[in-house]
Amino acid sequence: MTATTASAVNAAPPRSRNRAWGKFKRNRVALFGAAIVLAMVIVAVFAPMLATYDPFQTSFMAIRKAPSAAHWLGTDELGRDIYSRMLYGARASLMAGVVSVAIAVVIGVPLGLISGYFGGWIDSVISRFTEALLAIPFLILAIALAAFLEPSLTNAMIAIGVSAAPKFVRLARGQVLAVKSEDYVQSSRALGASDARIILRHILPNIMPPLIVQATITIATAIIAEASLSFLGLGLQPPNPSWGSMLNTGKNFMVQAPWMSIFPGTAIFLVVLGFNLLGDGLRDALDPRQDK
């Protein structure tokens, strides 16, 4: 019986992965989202090679120039090339999204695992604290934490990550409650496996799909939050380029230079759309209930 169970556990994941990948490839909307995300990642990584100007270089002879052959996306209020600043701004936005979600996962998933697995007073304390944080709107909590810390991209990522952590606590706890009563978990406990081994070897791998989907979707939320914090002056500080700070500056020149707001706003829209479509595609591919 033990050999049969081990064989099934070892054989199931490859079949499951192949089935999920096949479903994902057939989802054109998800592939479109993945293409947007991949394009943004390439832009962020190769920004120094793709930029046509120094993003910090000012030119008082080219203030608020409209898009042209010399400046593809125009210039800002200091004569800086918007195209080059957009490329470097992609780095800040993507890094904020990924690092913030990583912080949320590192904080939220262990707490959710502990809460769901052990239950009792530990579950009550963690759940009540999580519910208290969830009662506060995500962006309001992020703004409050960022304002408490000094304005910087690092502190903005910490604020966003801490604000997003309760979502992962609640999701991980719910998944653990559903999984810990399965036969393979009960069998491992009967064979004398420690709690740490059961959690790490049996429970955590089986709750990863919904966590991956949640992380992908939360990256989009974190990017919007970073743009909002930068818009309010609580994120990446000038003259460093950030799509949110570029929007903050561009709002003052909507009539004279609308391109200063249009291009950063469009970039935020596209990258958030890409991550949301990718997250929806991953959810459909990884959810066994979607099998036909």
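Bear in mind these aren't lab numbers, they're just calculated from the coordinates by the rules spelled out. Everything quoted here is computed from the prediction, not taken from an experiment. Methodologically, a virtual Cβ is constructed for each residue, glycine included, from the backbone with ideal geometry; neighbour enumeration extends over all protein chains shown.
With a cut-off of 13 Å between beta carbons, the residues surrounding residue 134 carry a summed charge of +3, where Lys and Arg count +1 and Asp and Glu -1.
Can you tell me the orientation of helix 28-45 relative to the chain, as the angle in degrees between its alpha-carbon axis and the longest Cα principal axis, to the nearest 10? In the chain, helix 28-45 runs at an angle near 60 degrees to the longest axis. Based on alpha carbons, the Rg and Dmax found for the chain are 22.7, 80 Å. Within the shell defined by Cβ-Cβ distances under 14 Å, the residues around residue 62 carry a net charge of 0, with Lys and Arg each +1 and Asp and Glu each -1. Between residue 128 and residue 154, the C-beta separation translates, for a Förster distance of 41 Å, into a calculated FRET efficiency of about 0.85. Rounded to whole Å, give me the distance from the Cα center of region 165-204 to that of region 94-145. Result: 18 Å between the Cα centres. Potential lengthening of the chain between residue 51 and residue 255 amounts to 70.8 nm, from the contour at 0.36 nm per residue minus the alpha-carbon distance.
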